[in-house]
Amino acid sequence: MPKRKVVLLGSTGSIGTSTLKVAADLPDRLEIVALAANSSVQDLAAQARETGVKHVALYDRSKEAELRAALPDDVTIHLGAEGLLEVSTLAEADMVLVAIVGTAGLQPALAAIEAGKDLAVASKEILVMAGELVMGAAERQGVNVLPVDSEHNAIFQCLNGHQGGEREVSRLILTASGGPFRQTPAEELQDVTLAQALKHPTWDMGRKITIDSSTLFNKGLEMIEARWLFGIEMERIDVIVHPQSIVHSMVEYVDGSVLAQLSNTDMCFPIQYAVTWPDRVPGGLKPLDFAKLAKLEFEAPRYDDFPALNLARRAGQQGGTLPAVYNAANEVAVDAFCDGKIGYTDIARVVAQVMDAHEVQHAGDLDTLIAADSAAREAASAICDA
């Protein structure tokens, strides 16, 4: 298979840096041709020098001079939202990996698809907000949408090559670590601090994703994402808590058989599979030592104490603009919690209030989704500031 040429959006975040590790381990299979970051100039410049890319994008236009001074003269700088679109459609690229947190990656993702690039998705918000649009565009253009999230990548692996498709699938089962408050009594959740919420027991992730993991909003977003990635109704998407995070997700078939994907807790595993698919290639990743696994535990989620899951199921079942509202309201509420404006359990309360007040519309175009996203943010901000 020829070397895959990848544009990496969100290169300075945790997924981005893991992707660069995979690229360094597989120089014959993977070449990074462009990097993009929000505002981390020095990190972006260091990555550009290390990889030798000729294109970098920086969302923060105010730091152009600083970036120019830190880069070789032959590197082209692309700025702002337009810059993300420019690198996402580079002629020499054949894949765009979107690891931008939030909705900023949506338009670059759609642009990449329209330009005929395969899409590797690490940003849940893209498919949560616009799953119907993204998957429809990918089908029309004949390109692949490959999941990078460990859970969806696991399901993708369990489904890969199975000819029966969704007719033979009984359930998709997403595993959740349960976060740091898996056993915290319900009455103590309202007093959770930011520092406590940022102590994830398994994964090392960015602030927003870590908070979402603790509230299980992260898993709610994954439920909606799975609905679009795999064409499975929300009624057949379940969540099970698995504290060890060794089983990354499972597929239950109609005959009762369950296929699971297991690996060590290292995001390089799903990233490597996504960027080298349909092949499996050796790399520098450490396989499981089953003799050293003490135990694998599973338990039902605490739906009443962590409302994010039921809110997500409702959003996914109703569809239209409601998933975008779910996502946008949560983003605002998480920021408000981090800023000390609301309490920990208020995050779900804010999202529920915004969803209750929203008049659901058909998500037929990007403008409708963006309008719903904006309105939800305004509504959530008003609640948080009250």
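Put +1 on the Cβ of each Lys and Arg and -1 on the Cβ of each Asp and Glu in the range 329-386; which of I370, C338, A380 then has its Cα farthest toward the positive end of the dipole?
The residue sitting most towards the positive pole is C338.
Rounded to the nearest 5, what is the percent of antiparallel bridges among the DSSP beta bridges in the chain?
Expressed as a percentage, antiparallel bridges in the chain total about 30.
Along the positive direction of the dipole of the chain (beta-carbon charges: Lys, Arg +1; Asp, Glu -1; about the Cα centre), which of C268, Q318, T175 reaches farthest?
C268
Report the FRET efficiency, 1/(1 + (r/R0)^6), for D339 and L288, where r is their Cβ-Cβ distance and R0 is 45 Å, rounded to 0.05. Could you put the intermediate results ahead of the total?
Numbers: r = 40 Å, r/R0 = 0.89.
Taking R0 as 45 Å, the efficiency between D339 and L288 is 0.65.
The list (1) 66, 65, 33; (2) 58, 48, 40; (3) 58, 52, 41 gives values of Cα extents along the principal axes in Å, and only one came from this structure; which label was calculated from it?
(3)
If contacts are Cα pairs under 8 angstrom and at least 6 residues apart, what is the relative contact order of the chain in percent? Present the calculation step by step, with values, prior to reporting the outcome.
On the way: 712 pairs, mean separation 57.7, N = 386.
Over the chain, the number comes to 15 percent.
Heads up, I need the accessible area for K295: 1.4 angstrom probe, whole protein in place, Å², nearest 10.
120
Can you pull the one-decimal nm distance between simple spin-label points at S39 and D255, each 7 Å off the Cα toward Cβ?
For the pair S39/D255, the computed spacing is 5.5 nm.
What dipole magnitude, in Debye to the nearest 20, does the chain give about its Cα centre under +1 on Lys/Arg Cβ and -1 on Asp/Glu Cβ?
760
How much solvent-accessible surface does F290 expose, in Å² to the nearest 10, with a 1.4 Å probe and all protein chains in place?
The value for F290 is about 130 Å².
Any chance you could run the full-extension gain for R207 through N310? It's 0.36 nm times the residue separation minus the Cα-Cα distance, nm to one decimal.
34.8 nm
Cα centroid distance between the range 106-160 and the range 352-386, in Å?
About 23 Å separates the Cα centre of the range 106-160 from the one of the range 352-386.
What spacing in nm lies between the two simple spin-label points modelled at E82 and K54, each 7 Å away from Cα in the Cβ direction?
2.2
Please find, in a Gaussian network model of the chain (springs between Cα atoms separated by less than 10 Å), the residue of R61, R182, R167 whose mean-square fluctuation is greatest.
Result for the chain, Cα springs under 10 Å: R167 fluctuates most.
Working out 0.36 nm times the residue gap between T265 and E139, then minus their Cα-Cα distance, what length gain in nm do you get to one decimal?
Here the segment from T265 to E139 would lengthen by 42.2 nm.
What percent do you get for the relative contact order of the range 1-59 when only Cα pairs under 8 Å and 6+ apart count?
36
I need the phi-derived Karplus couplings for the range 339-345: 6.51 cos²θ - 1.76 cosθ + 1.60, θ = phi - 60°, integer Hz, Gly and Pro marked x.
Per-residue couplings from phi come out as 8, x, 7, 9, x, 4, 6 Hz.
Straight-line reach from K341: which lysines have Cα under 17 Å away, leaving out those fewer than 8 places along the same chain?
Counting by Cα, and skipping residues close in sequence, K341 has these lysines nearby: K208.
State, as an integer percentage, the relative contact order of the range 167-308 based on alpha-carbon contacts under 8 Å between residues 6 or more apart. Kindly include the intermediate steps, with their values, before the conclusion.
Numbers: 178 pairs, mean separation 45.5, N = 142.
Relative contact order here is 32 percent.
Provide the gained length on full extension for the span S170 to Q196, in nm with one decimal, where the gain is 0.36 nm per separating residue minus the Cα-Cα distance. Walk me through the numbers before you get to the answer.
On the way: separation 26, 0.36 × 26 = 9.36 nm, distance 3.71 nm.
Here the segment from S170 to Q196 would lengthen by 5.6 nm.
Between D279 and K5, what FRET efficiency follows from the Cβ-Cβ distance if R0 is 22 Å, with the result rounded to 0.05?
Computed FRET efficiency for D279 and K5: 0.90.
So what does I209 come to for accessible area, using a 1.4 Å probe and Å² rounded to 10?
Taking all protein chains as shown, I209 has close to 40 Å².
The values are calculated or read from the model by the stated rules, or taken from the named source; none is laboratory data. Being a predicted model, the structure only gives us computed values, none of them experimental. Cβ coordinates were reconstructed from backbone atoms using ideal geometry, including for glycine residues, and neighbour counts include every protein chain displayed. Please note that ligands, DNA and RNA were not included when accessible areas were found on the heavy atoms of the full protein model with its side chains. Shrake-Rupley method; radii C 1.70, N 1.55, O 1.52, S 1.80 Å.
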